[in-house]
1. Just to verify a number: FRET efficiency for residue 213 and residue 235, C-beta to C-beta distance, R0 = 22 Å, to 0.05?
2. Could you rank the peptides 143-150, 227-234 by their average count of other C-beta atoms within 10 Å per residue, with the highest value first?
3. Which of rounded, prolate or oblate describes region 62-150 when judged by the alpha-carbon gyration tensor and an a/c cut-off of 1.5?
4. Please give the direction-averaged projected area of the C-alpha convex hull for region 48-200, in square nanometres with one decimal.
5. What nm value, rounded to one decimal, do you get for the distance between residue 167 and residue 200 when each label is placed 7 Å out toward the C-beta?
6. Suppose the chain between residue 146 and residue 39 were pulled fully straight at 0.36 nm per residue; how much longer would it get relative to their current alpha carbon spacing?
């Protein structure tokens with residue numbers, strides 16, 4: 001995904017690295033790159049994007065490293081204290097990751113998509129929100145404490161998410177923190193699941209099985225005869241049929 005006037009987030013580090021190394025030398029350049037990438041540049045870029053677009057961009061960026069990501073979603077249908085239906089939403093509950101590709105590079109890039117906005121910028125969004133919605137008026141100190149408390153919590157989330165739930169959303173009344181937190185968690189969940197999947201790596205393959213050989217069937221039959229010596233042949237045949245319907249023998253890799 002590319003937008004006019006913005007550098008794709010995955011390319012920011014490389015572009016800034018090359019310029020910084022030319023200008024101020026290797027060590028100082030790398031330090032400057034880290035500061036720019038981790039804070040101002042990435043946060044400012046994220047703050048201009050929509051969370052859904054950033055989720056898609058994160059998947060695309062991982063794909064550029066040869067890593068496939070498939071996020072799993074579930075719907076949520078909350079109700080109010082009187083049983084009334086509230087707005088439904090979806091959350092990411094898992095993510096499948098392919099075996100191939102450079103997962104470490106993909107992980108490093110995806111962590112950039114979690115960069116929070118600076119506190120001062122979040123406070124500015126909250127101040128803008130405060131003049132757009134109805135709320136109980138408090139004294140100046142109370143208002144300042146409220147903004148600081150909300151901003152410090154919103155700083156736990158990516159910049160695009162913090163902006164989306166403040167000036168990017170519509171409210172009639174000033175939202176409670178519980179309301180904002182639920183929105184933040186839902187919007188951040190896809191990237192969190194992607195990162196967790198990359199940290200875990202691919203799920204173990206299901207073991208391969210084959211039907212027992214004639215020799216193995218004979219051993220199972222002998223075991224049944226030994227365990228149930230007093231059973232008649234019909235009962236033993238039934239036990240053998242049940243064992244064969246449930247038991248598969250795991251394939252053992254050939255040794256060199």
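1. Details: r = 24 Å, r/R0 = 1.11.
With R0 = 22 Å, the Cβ-Cβ based efficiency is 0.35.
2. Details: 143-150: 15.1, 227-234: 9.2.
The peptides rank, most packed first, as 143-150, 227-234.
3. Details: a/c = 4.40, a/b = 1.61, b/c = 2.74.
Taking the square roots of the gyration eigenvalues as a ≥ b ≥ c, region 62-150 is oblate.
4. Numbers: hull surface 39.8 nm².
With the hull built on Cα positions only, its mean projection is 10.0 nm².
5. 3.8 nm
6. On the way: separation 107, 0.36 × 107 = 38.52 nm, distance 2.44 nm.
Here the segment from residue 146 to residue 39 would lengthen by 36.1 nm.
A short reminder: the numbers here are calculations on the coordinates, not readings from a lab. As the structure is a prediction and not an experimental result, all values here were calculated from the model. Heads up, the Cβs are rebuilt from the backbone with ideal geometry, glycines too, and the neighbour counts pull from every protein chain shown.
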